[in-house]
Ligand SMILES: Nc1ncnc2c1ncn2[C@@H]1O[C@H](COP(=O)(O)OP(=O)(O)OP(=O)(O)O)[C@@H](O)[C@H]1O
């Protein structure tokens, strides 16, 4: 397998000024002891700018939930630092965050409005419950009991509960998990509006890569508790393009490319900058290689994810 260097994309989409919303600095966390210990986070550093939808991706066991649980204060890191809007993560700092990191549970016999009113009464919020209901698209269903709600409506009510305290950032663990296509569309619109209309920051984890590609401005891909790729989605897709060639002797070409080529789909994927393509073709032609087909492949996020996480195994 090709050696992989960590991919960092420096250009952010209209990066807002000021401290990042959330900063993880060299965070370590392991579970268990001795030979059975699991290193869930291995010195992870990550900066989530304000005003973006930020996606946290990674295969099962990559460390996403551990990171979110540390951010929420549910577990402590062994080492490292978490900062929220520039300040160390303390209980009062965490009040600037709204969290939906476990499946929300509700009283089935209470209405959406009653749930939000209860929460509003127990927090010093000035945000009217009707405003929250509007924001989460439940104004019309406000006085219906939760027992009749779809999973998507419950998820949106969960976000409403997180919004009651007027957070500046919202943390969502798998917000579209289990939703039907309509529910996914509604959730996507809500997340988009929270960030691009209301100015919040959203950090979410998800396995639905096409969904993440649609809704997120930036993403981080985790693997074995480390960061393997990070950046603005559009830049990441541009940077992670591959040049694919069908030649007579793919294995020979893989050897010739010295770590930059990988056999696949009946040809060879070459990891090079798009600007280097003419030189590559010229050198292959000079060396007598017979090229039957050649194309630049612009990947989708799922492909980037698979390339990154498989190469790191
Ligand atoms: N409480 C725990 N006790 C022991 N091991 C744990 C605990 N929590 C997490 N782990 C281990 O830490 C590693 C990271 O787990 P984590 O749940 O953070 O991954 P994840 O990326 O969220 O995975 P998934 O996508 O499956 O939710 C895994 O190997 C997991 O088994």
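A short reminder: the numbers here are calculations on the coordinates, not readings from a lab. Because the structure is predicted, anything quoted here is derived from the model rather than measured. Note that each Cβ is placed from the backbone with ideal geometry, even for glycine, and that neighbours are counted across all protein chains shown.
For residue 151 and residue 274, the FRET efficiency from 1/(1 + (r/R0)^6), where r spans their Cβ atoms and R0 equals 45 Å, is about 0.60. Peptide packing: for 82-88, 289-295, 149-155, the average count of neighbouring Cβ atoms within 10 Å per residue gives the ranking 149-155, 82-88, 289-295, highest mean first. Taking 0.36 nm per residue of separation and subtracting the Cα-Cα distance, full extension of the segment from residue 177 to residue 143 would add 9.7 nm. The angle between the Cα long axis of helix 181-196 and the longest principal axis of the Cα atoms of the chain comes to about 80 degrees, rounded to the nearest 10.
First measure r as the distance between the Cβ atoms of residue 78 and residue 249, then evaluate 1/(1 + (r/R0)^6) with R0 = 45 Å and state the FRET efficiency to the nearest 0.05. After rounding to 0.05, the efficiency reads 0.35.
Below 8 Å between Cα atoms, with a sequence gap of 6+, how large is the relative contact order for segment 38-113 in percent?
This gives 20 percent for segment 38-113.
Computed over the Cα atoms of the chain, pair by distinct pair, the Kirkwood hydrodynamic radius stands at 21.5 angstrom. Residues of segment 201-234 falling in the label zone of residue 300, defined by backbone nitrogen less than 14 Å from a point 7 Å along Cα to beta-carbon, are 208-215. As a proxy for reagent exposure, 103, 176, 286, 309 were ordered by neighbouring Cβ count within 10 angstrom, fewest first; the result is 286, 103, 309, 176.
Once the Cα atoms are used to define both axes, helix 301-311 deviates from the longest principal axis of the chain by about 60 degrees.
The DSSP beta bridges internal to segment 7-237 are antiparallel in roughly 55% of cases.
Relative contact order for the chain: 23 percent, from Cα pairs under 8 Å spaced at least 6 residues apart, divided by residue count. Under the simplified labelling scheme, the residue 289-residue 124 pair shows an inter-label distance of 6.7 nm, with each label point 7 Å from Cα along Cα→Cβ. Note on segment 134-184 and segment 78-126: Cα centroid distance 14 Å, given to the nearest whole angstrom.
Using the Cβ-Cβ distance between residue 189 and residue 92 with R0 = 22 Å, the FRET efficiency computed as 1/(1 + (r/R0)^6) comes to roughly 0.10.
Between helix 151-163 and the chain there is an angle of about 70 degrees, using the helix long axis and the longest principal axis of the Cα atoms.
Residue order for 307, 244, 296, fewest other beta carbons within 10 angstrom first, comes to 296, 244, 307.
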